[in-house]
Amino acid sequence: MPPAPGRIRLAHLADLHIGSPLRGLDDHPGAPAIDPEQAPYDALDALVGRVADGRYDGVLVAGDVFDRHHADAAALTAFQDVLGRFHDEGLVTVVVSGNHDAESPLPQKLHLPPSVRWLGAHAPETVHWEHLGTAVHGQSIAEADDLRDLAADYPRRIPGLANIGLLHTSLHGAWSRKTCAPTDVRTLATAGYDYWALGHVHHRLVPARGFLAVYPGNTHARGPAENGGRGYTELLIDGETLTASAVDTAPVRYESLVVARAATAEADIRARFAAVPPPAGSATAGAGRVVVWTLSGPGGEDLVRLAREVADELGRADFMVCRAPCAATVRAVSPPTAPEGPAG
């Protein structure tokens, strides 16, 4: 890759699933208050604030902006505001549709600012960011069950530019329950790109060696199965060197805790609790930083009570300790929504 015009910082997001609520919250006395409907919007606000104020040059969005079950005005307005904020801050943005977007009417209702390109599904397209010395190649998913190997038809790299592939794909399917634009790492490697910005898998993942391809994970966790930090990936292009780093922004984080033996339960709980810092996301108005723990092991309610006592003793007011499997009871302020489908 030739030298780029200075240091370039790009934010790679995927699987926003705007409007998809939090699941698996177990309300109990002293637990942090979480609005399961509002929390995902708080996570989106925290992410956008971090990117908009972070001296970034551009944004890559690798699909599933929207959620098939939540095609409402609130989700549409939220992403319209996101694109407007990025535009106002001077960022260029490229988006491809994921399988959820292909099922949603919302992408067609957006009014895209001049700095934004949402790529089509008929054939691969290339966006030239001349001022950044970068070319972004991408293609949207056409339908929910899109089984085309889109990557196989992506153009070869353009000499003299940093080349990025933007793709919503399940790859070989090992990390997703939903097959989508299947391909393999050899096909990605053949394109010769400097970076593949992937989406569809909801966990942070680098699926190959020898070239840089990244799943950033989703921007907010939707339930206990999506544990750990959530946010986006920062791509730094500095001359011929590219580095990708995970950035946590979501105010609500899920973690699991499995206690193997009753005799060591308290020690195990203390050690695990001590290892998890508060969520890194900036709390927005009405949003708190919360770690939702799902707890399993011998002792039943006594074990849950012990864990809550340890959290209180450690001063971790940000901990919500739930039974495993978590109860469906939530501090809801909105009517229940339709059940979610499989991740991806």
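Side notes on the structure shown:
- For the chain, with +1 on Lys and Arg beta carbons and -1 on Asp and Glu, the positive-most of ALA263, PRO36, LEU166 along the dipole: ALA263
- Volume in Å³ per residue [convex hull over Cα atoms, computed for segment 172-327]: 157
- Of the peptides 198-210, 40-52, the order by per-residue mean of other Cβ atoms within 10 Å, starting with the highest, comes out as 40-52, 198-210.
- Mean separation of Cα contacts under 8 Å (6+ apart) over length of the chain, as relative contact order %: 23
- Membrane-span-like helices in the chain (whole DSSP H runs, Cα extent of at least 15 Å along the helix axis, mean Kyte-Doolittle hydropathy of at least 1.0): none found.
- For the chain, the dipole from Cβ point charges (+1 on Lys and Arg, -1 on Asp and Glu) about the Cα centre works out to 560 debye, to the nearest 20.
- ³J(HN,Hα) computed for each position of segment 101-109 - Karplus, 6.51 cos²θ - 1.76 cosθ + 1.60, integer Hz, glycine/proline x: 5, 5, 8, 9, x, 5, x, 6, 9
- Estimated FRET transfer efficiency (ALA144, ALA33; beta-carbon r; R0 35 Å; 0.05): 0.50
- Once the 1.4 Å probe is applied to the protein heavy atoms, the chain comes out at 41 Å² accessible per residue.
- The overall shape of segment 1-148, judged from the alpha-carbon gyration tensor, is oblate: a/c is not under 1.5, and a/b is no greater than b/c.
- Amide H to amide H, with H built 1.01 Å from N, TRP118 comes under 5 Å of VAL95, counting only residues 5 or more places away or on other chains.
- Under 5 Å, built H, 5+ apart or other chain: amide partners of VAL292: ARG253, TYR254, GLU255, MET320
- Cα centroid separation - segment 186-208 against segment 35-106, whole Å: 21
- Sequence-distant residues sharing a close amide H with THR134 (under 5 Å, placed H): TRP129, ALA162
- Placing unit charges on each Cβ (+1 for Lys and Arg, -1 for Asp and Glu) gives segment 66-174 a dipole about its Cα centre, and among LEU147, HIS122, PRO105 the Cα reaching farthest toward its positive end belongs to HIS122.
- In order through segment 227-234: 3J(HN,Hα) via Karplus (6.51 cos²θ - 1.76 cosθ + 1.60), integer Hz, x for Gly, Pro: 9, x, x, 9, x, 8, 10, 9
- Ordering of 68-74, 271-277, 96-102 by burial proxy (mean other Cβ atoms within 10 Å per residue, highest first): 96-102, 68-74, 271-277
- Evaluated at q = 0.06, 0.13 Å⁻¹: base-10 log I(q)/I(0), Debye formula over Cα of the chain: -0.22, -0.96
- Dividing the convex hull volume of the alpha-carbon atoms in segment 112-152 by its residue count gives 77 Å³ per residue.
- Placing +1 on the Cβ of every Lys and Arg and -1 on the Cβ of every Asp and Glu, with nothing else charged, gives segment 174-326 a dipole about its Cα centre of roughly 420 debye.
- Split the accessible area of segment 5-86 by element, probe 1.4 Å, and carbon with sulfur accounts for 49%.
The values are calculated or read from the model by the stated rules, or taken from the named source; none is laboratory data. Treat the numbers as computed from the prediction; the structure is a model and nothing was measured. All Cβ positions, even for glycine, are placed from backbone atoms using ideal geometry, and neighbour counts span all protein chains on display. What goes into the accessible areas is simple: the full protein's heavy atoms, side chains included, and nothing from ligands, DNA or RNA. Shrake-Rupley method; radii C 1.70, N 1.55, O 1.52, S 1.80 Å.
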